[in-house]
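Comments concern the structure below.
The values are calculated or read from the model by the stated rules, or taken from the named source; none is laboratory data. Keep in mind the model is a prediction, meaning the values are calculated, not measured. Reconstructed Cβ throughout: ideal geometry from the backbone, glycine too, with neighbour counts over all protein chains shown.
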Amino acid sequence: MKKRRFVIRWSNRLLLALILLLGIGSLFPSHVLAGASVLTLAFPVLIIPQLITLLLTLRYTPKLLLLPLVGVALLLFPVLAQIPFAADHSKAEDLRVASYNVRAFYQNTSAKEQIARWSADQDIDILCMQEVFRSNANLIAERFPFRTYAPKSRNYSIAIYSSYPIIRSEALIFDRIPQEIYAKYSAQFADIALPHDTVRILNVHLSSTGVRDRDMSVEPSRDDLMEASGFVARKIAKSDKLRGLQSEHILEWVTESPYPVILTGDFNGVPGGNLYARLMRHLRDPYIFKGHGAMGSFEPLKRRYVPLRIDWTLHSPELNSTGQFIDQVYFSDHFPLVTTFDL
């Protein structure tokens, strides 16, 4: 019995120390501490051992219950930001805003036709896309009378399509990034006149990790695994620094908006860390209490049994969201994130 209590006590202490260490580390801006935001990937995973130790503590050492309860409390929001538990309370007349990284329509030869059909079937009112080849997007664009792209002069861009009038739009530049790369120009806004209000849609695509399927597919040997892990870690750290620079701009754009904001896009990171914590001072994440349906917005991770959400849609407190869900349609390497709002 003493040995069991000793193991439970130290398991609780080590888990809580790990959670605190990861939490503190992830709150550093990633351009200051490259790779910091990647630490948030561990939060949803840690809930499983934490719940196991909670149950064991409750059964064998209830006097030590405080530590696992603190651990569960610290993990609660990161876990709720990944695990949908609500029912669908949206209505047919709700505004439907979708964020979708369409992977330049490379997934298959009919991807653009399938996405056009999907947006019609889902009755999407505002479609924010990342990694768009404009020359291949005509079928999708036909549904939406109002459209804007960023950068406006390039075929490869991000886009906002709207059924409601766009009264002003602008391509935004992450000018803290010195290189002339796609990540410097992957942001835009559109002020959209809804029936009773004007909202600002901010559509962003944060720097990709650069990790490909083949990077994660290695032979099950120790040397191959170590080599692949180091290669992936270097890619992630480099891109994480760029995302840190991009996050500074996003915070400025949100706080300076003259209208209520809907911030949406591919953030290439899970909700958590420095950017998410600072954004939550101004915006709300409807997925936490109104998320429903399936988990995971990135297909290669979901296929490997890591169903994490790296696409976000956050909004100003003045707006009333009625639900958010990830639609499991295989037209890209991402799944579209759909948010409904009560007009």
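For segment 55-78: of the residues being buried (at least 20 other Cβ atoms within 10 Å of the Cβ) and more than 15 Å from W10 (Cβ to Cβ), which is modelled with the highest pLDDT?
Among those that are buried (at least 20 other Cβ atoms within 10 Å of the Cβ) and more than 15 Å from W10 (Cβ to Cβ), it is L75.
Pick out the one residue from R309, R303, R284, R278 that is in the same structural domain as S247 (by TED's automatic domain parsing), of a type in the set (D, E, K, R) and under 16 Å from L95 (Cβ atoms). Working first, answer last.
Working: R309 fails: under 16 Å from L95 (Cβ atoms); R303 fails: under 16 Å from L95 (Cβ atoms); R278 fails: under 16 Å from L95 (Cβ atoms).
After applying the criteria, what remains is R284.
Tell me whether segment 23-40 contains one or more residues that are at pLDDT below 85, surrounded by fewer than 17 Cβ atoms within 10 Å (Cβ to Cβ) and either under 19 Å from the mean Cα position of the chain (by Cα) or in a loop (DSSP other than H, G, I, E, B) (or both).
yes
Counting just the residues of segment 115-170 that are closer than 22 Å to F341 by Cα and of a type in the set (S, T, N, Q), which one comes out surrounded by the most Cβ atoms within 10 Å (Cβ to Cβ)?
Checked segment 115-170; the qualifying residue surrounded by the most Cβ atoms within 10 Å (Cβ to Cβ) is Q130.
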